[in-house]
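Here the structure comes first, spelled out in structure tokens, and everything after it is commentary.
The values are calculated or read from the model by the stated rules, or taken from the named source; none is laboratory data. Please read all numbers here as calculations on a predicted model, not as lab measurements. Ideal geometry is used to build each Cβ from the backbone, glycine not excepted, and the neighbour counts take in all protein chains shown. Keep in mind that these areas ignore ligands, DNA and RNA; they rest on the heavy atoms of the full protein, side chains included. Shrake-Rupley method; radii C 1.70, N 1.55, O 1.52, S 1.80 Å.
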Amino acid sequence: MRSEQEVNRAVEQYADTVRRICLVHLKNYADTEDIFQTVFVKYLLHTAPFASPEHERAWIIRVTINACKDLLRSVFRRRTVPLHEAAELPAPPEEHRAVLQAVQSLPAAYRDVVYLHYYEGYTAPEIARILGKNVNTIYTRLTRARGLLREALGGDDDA
């Protein structure tokens, strides 16, 4: 089990990353907070040392993505109604909403690579290592995701 100082450092360092990944996958704040807690409890209980800070960050990202997928597959999730359908919530600015909806509408494989590349700044080889995929697969997914986003957002066909 990790020390309280180690966990506090990890929370300070990775909190924004974990929350953003969760929001992209889960699309609501309450589930994001649940997964946030789950990820850092797993970090607390994970006793194996990390080879480097990059290894630790990749581990946190992978655990976050897997926890989001587990929640989305759960029976409980399939039998609930999203809060935004039950109550009218304030909407984000139109341009932000359009991009967020376009990214969220991508298939999960594309969402992950778009998030890791554009929001976290990882290169394709780094994303390949994190996700355990071939580098060319990552390049292909990025290209296809850009095309889908261009279509969804009404971008130029010449780009």
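Restrict the check to region 20-35 and report whether at least one residue is modelled with pLDDT under 90, in a helix (DSSP H, G or I), touching a Leu at 6+ places or on another chain (Cβ under 8 Å) and loosely packed, with under 15 Cβ neighbours inside 10 Å. The answer is yes, given that some residue of region 20-35 is modelled with pLDDT under 90, in a helix (DSSP H, G or I), touching a Leu at 6+ places or on another chain (Cβ under 8 Å) and loosely packed, with under 15 Cβ neighbours inside 10 Å. Total residues in region 128-159 satisfying the condition of being open to solvent by less than 50 Å² (accessible area, probe 1.4 Å) and of a type in the set (Gly, Ala, Ser): the figure is 4.
In region 111-127, which residues are surrounded by fewer than 20 Cβ atoms within 10 Å (Cβ to Cβ) and of a type in the set (Phe, Trp, Tyr)? Answer for region 111-127, where residues must be surrounded by fewer than 20 Cβ atoms within 10 Å (Cβ to Cβ) and of a type in the set (Phe, Trp, Tyr): 118, 119. Filtering region 1-15 to residues that are open to solvent by 70 Å² or more (accessible area, probe 1.4 Å) and outside any helix (DSSP H, G or I) leaves only 1. Just so you know, in region 92-110 the residues that are surrounded by 13 or more Cβ atoms within 10 Å (Cβ to Cβ) and farther than 12 Å from residue 24 by Cβ include one that is modelled with the lowest pLDDT, and it is 98. When region 36-74 is filtered for residues that are among the aliphatic types (A, V, I, L, M), open to solvent by 80 Å² or more (accessible area, probe 1.4 Å) and part of a helix (DSSP H, G or I), only 45 remains.
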